[in-house]
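Heads up, the thing below is written out as structure tokens.
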Amino acid sequence: PAEETDVLKIVNTIGEGRKNEALKFIDVFLRSGSAGDEKGLIIQLNALLSEQFRNIFVLQEFFARNLSEHAILEKTAWKPGRLFILKKIAQKFSAQKVRELLSKLEHLDEELKTSSTPPRVLLDLILSQVY
């Protein structure tokens, strides 16, 4: 899906430390979203980013356990192309960084759903902590 491709671009640029490009992709995602309101779009973006970082975390764990790519494909039901792309992106992050990012995304989700702070402000606060 187009949304997933955009999110993978965001994750990749975060991994490469290209903050301005990541912000550009985030803005494109938010402008082209179908959720309607800004809060809904940011919740959707957060969910998609969380999913990709969970996938990276799982992949890093599998490689840490010396599982073969074939075994990973069997366990995850991913297509080889997806594994290839995630493997490439996962190499850009330490396991510690992925855990920190997942924690920040979890915090963002909670704040989005319980706070009266504008959603874009919350997103920007979390993104400023990523770099």
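Values quoted throughout were computed directly from the atomic coordinates according to the rules given, and no laboratory measurement underlies them. Treat the numbers as computed from the prediction; the structure is a model and nothing was measured. In this analysis, Cβ positions are derived from the backbone assuming ideal geometry, glycine residues included, and neighbour counts consider all displayed protein chains.
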Relative to the chain, whose Cα atoms define the longest principal axis, helix 80-90 and its Cα axis are tilted in degrees, nearest 10, by 70 degrees
When the helix-only estimate is applied to the chain (DSSP H runs of n ≥ 4, each -39,500 (n - 2.57), divided by the residue count), what is the mean residue ellipticity at 222 nm, nearest 500 deg cm²/dmol? -26500 deg cm²/dmol
Return one number: the angle in degrees, 0 to 90 and rounded to the nearest 10, between the long axis of the Cα atoms of helix 38-64 and the longest principal axis of the Cα atoms of the chain. 20 degrees
Against the longest principal axis of the chain, how steep is helix 95-114, in degrees 0 to 90 to the nearest 10, with axes from Cα atoms? 30 degrees
Label model pair residue 128, residue 65: point-to-point distance (7 angstrom along the Cα→beta-carbon line) in nm is 4.0 nm
Two-decimal log10 I(q)/I(0) for the chain, as the Debye equation yields it once each C-alpha is a single scatterer, q = 0.15, 0.21, 0.22 Å⁻¹: -0.71, -1.27, -1.36
